[in-house]
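This report concerns only the one structure given below.
The values are calculated or read from the model by the stated rules, or taken from the named source; none is laboratory data. Keep in mind the model is a prediction, meaning the values are calculated, not measured. A quick note on method: Cβ atoms are made from the backbone with ideal geometry, for glycine too, and the neighbour counts reach across all protein chains shown. To get the accessible areas, we keep the full protein, side chains included, count just its heavy atoms, and leave off ligands, DNA and RNA. Shrake-Rupley method; radii C 1.70, N 1.55, O 1.52, S 1.80 Å.
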Amino acid sequence: MDVTIKKEGTKTMVTLQGRLDTTNADLFQQDIAELMQDEHPNIEFDCTDMEYTSSQGLRLFLMLQKRVNAKKGSLVLRHMRPQVKEVFDITGFSNIFKIED
Amino acid sequence: MSLDLHNQMILDEYREQLPVFKKIQEIVEAQLRQCIASNNLYVNAVESRIKSEKSLTGKLQQKGHKYNSVKDITDIVGARVITFYTDEVDKIAALADKIFEIDWANSIDKRKMLELDQFGYMSLHYICRIPKTLYEDPEHPEINDYRFELQMRTALQHVWATINHDTGYKMGVEVPWEYLRNINRIAGMLELADEQFSRIRKEIIDYRRNIQSLVASGNFDEVPLNGDTFKSFLALNPFKRLIEKIAAINQAEIYNDDLYHYISIFKKMQFKTLGDVVRLIKEYSDDAYQLALHQFASTDLDIVALSVAPQNLCIAHIVKNGGGETGLKTFFDKLFGKNNYNRERVHRVYSLCQEINIIESSSNDLSSNLLDRALKFAIDAHANTERRGKGFPYIVHPMEAVEIVASITPDQELLAAAALHDTVEDTNVTVEQIRQEFGDRVARIVKAESDNQHGVPAGSTWKERKIAALDVLRNASQEVKIVALGDKLSNMRAIARDYQKLGDKLWDRFHAPNGKADHAWRYHELAKALSSLKDTDAYKEFEYLVNKTFDLTELRIDN
C-alpha cells in the first residue's frame, strides 16, 4: 500500500492507497514509524483510495491510536470506503477510532 | 530608602547565596510533586518561589534587627501545596514530615492560632530543611542548613488568603470594624464550605463502597443503573462469555476496549437497573452471536474489540423489539455520533438481521410453535367466557391484541405474551404455569400485565389503583409496553365503536365512579405512559381514538 505523509502546519496528512494486508503490514509499520515519534500528533488519514485492511492493519492502526492517546493528540480516519468501514464496524473498532466522512 | 549596615550585610548575603536558594527550591518542588503523585493524591497546585529582593528589603526594614544572618530568615524559599480537601492538608503534612526535616520549634499550625474574634482562616506552615538522606552536596553544605517554609492549605483557604492579601490589611489593628465583621462572616462561610466538601466526598466514597457490595451480591434488579453502578458492573466482565464465543469464530484476539460509554446507550434504551443489562445479555446473546457469525465467518479477521458484544446485543435487542431501521439509526447516532455513514450502516445491519432471521427467531428453544401453543392455551383458559356485555367469546380480545403486537414486532415471545396476557388475571392460570410452558420472558411480561394490585392497600379507590398501575407502566420495559399497547388498543377500539352506537350511556357499563371523565383521564394517561411507542402505527391509532372519543374538554380540572 502506498503511504504519503505530508505536514500541513500542525497537522500531519497521510494518504493511503491500495490494500493493507499481511504481506505489506511490515512496510506500513515502517511507514508510520515517523508518526509514532511525533510528540504532538495531530494526524488525519485520507482513506479514499484504501481498498482493504486486514486485522494486521487494524492492529497497526490501534498501535498508532494508543500512542496518540498517550500524547493527548488526535487521530482521524476520513473518507473510508464502505467495505473498509464494514471491517471497522464488525470488529468493534469503530468504537475505538474517530471515523469521519 | 537605604538600609543600615546590618541589613545591607544580610541583603548581600542573600544575593551571594541566590544559587543555593534556587537549588533548594528546585529540590523541594520536585520532591513534593513526586511524593504527591506516588501517593495517588490529587491536589490543586504545587508552587514555589524565592523571596524577591524587594520583599526581603521591606522585611529587613521592619524587623531586620531580629536576624543575625540570612540563615535566620526562614521564608526565603517558600513552597506551597494547595489541596481540595482539609483532610488532604493533614496527609501532605504527614508526608512532609517523612521526607523533610521539620523545625518543630518554629513551625506553627496557624489554624489553631485563631481567637474567636480573630479574622483569618489560615494554613498550616512548616519550617523545614532538606535532610542529607534526601540530597547532599559536599561543596554546598548550606543546602541542608538553610530552612524553607512549606505552606499547606485548601483551595478555599487560598482564595481567602489571596483576597485578604489584596486588601492590603496585614495586621489586625488597622482593620476597620465593619470590614472585620464582614470578613469574619465570609471566613466562616468558607470554613463551612470546606467542611461540606469533605463530608460530601466521604459520602460518595461510602456510596461507592455500598454499590460495589450490592453489585457483588448479584441482586442486579435492585441496583439502579448509574455511572457508579455501571462501572462496578463492568469490572465483573459481564460480556466475557459472549465475546469469547464470538472470538472463537476466527480464533480472534480480543482487544479490551472501554465500555463505559454504553451507559448512555442503555439509558436511552430505557434500561433502569443492572438487571435490565443482565437480561439483555442473557436473552440476546444467541442472536448477537449469530450476527457476529455471519459477519465474521467469511472473513479472516482475527481481532475483535470487546465492544462487539454490547454492540451486537443492542442491535439484536432493537431489531427484535420492533425498533426497526429507525431504532438502529438512533442507536448508531448515539454510539458513533451523527454522520453520513450511519444510514448505510443501518441498511447493512438490518438486511443482515432479516437474512438470518434474527427478527423472526427467538433465542428460546420453544420457538417454532410457540405462538400456536400460546393461542391454544389461551383458547382453553378463556373457554366459555364472554367479552363484557358483548355476547362474543373473550378470546377475540387477546387475538386482537396479538394482531396489534404483530404490526409492531414479529417477536414470537411478545405475540405469545399478547395471546396470554389476560389468562392470569381472569382465569385459574398461574404465572408459574406460563413460565413452565412458555419460558421466563413470556411469563415476566404476562405477570406485568396482570398485576392489578400493584402494592396498593386493600380498600383503595378505583382511581388510586389506576394511578399505581399507570406508574408501573410508565417505568416498564419496552417489551411490556408493546404488549400493553396491544391490550389497550383493542379495548379502545371497542370503546370507540360502542361510543358511536350508544353515546354517553356507554359509561354506565363500567366500574369507574365518575363515568366518562375518569375514563378520559385514564386513557389520556395511558397514551402518555406508552409514548415511547409513538412511531408505531398502533400507537397513532390509539392516540387518534382516544382523542376522538374523549374530547380533552372532558378532563376535569381536579385531576
Fill in the blank from the handout: Once phi for every residue in the range B:2-11 is put through the Karplus expression 6.51 cos²θ - 1.76 cosθ + 1.60 (θ = phi - 60°), the whole-Hz ³J(HN,Hα) values, with Gly and Pro written as x, are 8, 9, 6, 4, 4, 5, 4, 4, 5, 4
Practice task
Classify the range B:392-447 as rounded, prolate or oblate from the Cα gyration tensor: take a ≥ b ≥ c as the square roots of its eigenvalues, call it rounded if a/c is under 1.5, otherwise prolate when a/b beats b/c and oblate if not.
Solution key: oblate
Completion exercise
For the range A:1-80, percent of DSSP beta bridges that are antiparallel (nearest 5) comes out at 35
Problem - Portion, in percent, of the accessible area of chain A that falls on carbon or sulfur, probe 1.4 Å - result: 46
Exercise for the section: Would you work out what percent of the accessible area of chain B, with all protein chains in place, is carbon or sulfur (probe 1.4 Å)? Expected result: 51
Handout entry: Among B:GLN25, B:SER460, B:TYR179 - extreme Cα towards positive end, dipole of chain B, charges at beta-carbon
Key = B:SER460
Exercise for the section: Keeping all protein chains in place, calculate the accessible area per residue for the protein assembly as shown (probe 1.4 angstrom), answer in Å². Expected result: 51
Exercise for the section: For B:SER532 paired with B:GLN270, estimate the spin-label separation in nm (one decimal), with each label point 7 Å from Cα along the Cα-to-Cβ line. Expected result: 0.4
Problem - In nm, spacing of pseudo-spin labels at B:ASP551 and A:ASP38 (7 Å Cα→C-beta vector) - result: 6.9
Exercise for the section: Report the full-extension gain for the segment B:ILE186 to B:ALA496: residue separation times 0.36 nm, less the Cα-Cα distance, to one decimal in nm. Expected result: 104.9 nm
Problem - Other-chain or far-sequence residues with amide H under 5 Å of B:THR273's (modelled H) - result: B:LEU225
Completion exercise
Rounded to the nearest Å, the spacing of the alpha-carbon centers of the range B:181-220 and the range B:397-468 is 44
Exercise for the section: Take the alpha carbon gyration tensor of the range B:1-157, find the square roots of its eigenvalues, order them as a ≥ b ≥ c, and report rounded if a/c is under 1.5; if not, report prolate when a/b exceeds b/c, else oblate. Expected result: oblate
Handout entry: Amide H partners (placed H, <5 Å) of B:SER107, local residues excluded
Key = B:ILE127
Fill in the blank from the handout: Rounded to the nearest 10 degrees, the helix B:308-320 long axis (Cα) sits at an angle to the longest Cα principal axis of chain B of 30
Fill in the blank from the handout: Taking r as the C-beta separation of B:THR162 and A:GLN83 and R0 as 51 Å, the FRET efficiency to the nearest 0.05 is 0.25
Practice task
Please average, across the residues of A:74-85, the number of beta carbons from any other chain that are within 10 Å of each residue's own beta carbon, and give a whole number.
Solution key: 1
Problem - Per-pair calculated FRET efficiency, R0 = 41 Å: B:ARG343 and B:ARG465 via Cβ, rounded to 0.05 - result: 0.35
Problem - Equivalent ellipsoid dimensions for chain B as semi-axes, Å, which come from the Cα gyration tensor, largest first - result: 73, 32, 19
Fill in the blank from the handout: Scalar couplings 3J(HN,Hα) for the range B:405-415 by Karplus 6.51 cos²θ - 1.76 cosθ + 1.60 (θ = phi - 60°), nearest whole Hz, x for Gly and Pro, are 4, 5, 6, 9, 8, x, 4, 4, 5, 6, 4
Handout entry: Protein accessible surface hidden between B and A, which excludes ligands and nucleic acids, total in Å², probe 1.4 Å
Key = 2000
Exercise for the section: Write down the percent of antiparallel bridges among all DSSP beta bridges whose residues are both part of chain B, to the nearest 5. Expected result: 65
Fill in the blank from the handout: With 0.36 nm assigned to each residue of separation and the Cα-Cα distance removed, B:ASP504 to B:ALA458 gains 13.5 nm
Exercise for the section: Estimate the FRET efficiency between B:ASP372 and A:GLU8 by the formula 1/(1 + (r/R0)^6), using the beta-carbon distance for r and 41 Å for R0, to the nearest 0.05. Expected result: 0.05
Exercise for the section: Report the label-to-label distance for B:ASP440 and B:HIS294 in nanometres (one decimal), using points 7 Å from each Cα along the Cα→Cβ vector. Expected result: 2.6
Fill in the blank from the handout: Rounded to the nearest 5, the percent of DSSP beta bridges in the protein assembly as shown running antiparallel is 50
Completion exercise
Contour minus Cα-Cα span, B:TYR67 to B:LYS54, at 0.36 nm per residue, comes to 3.0 nm
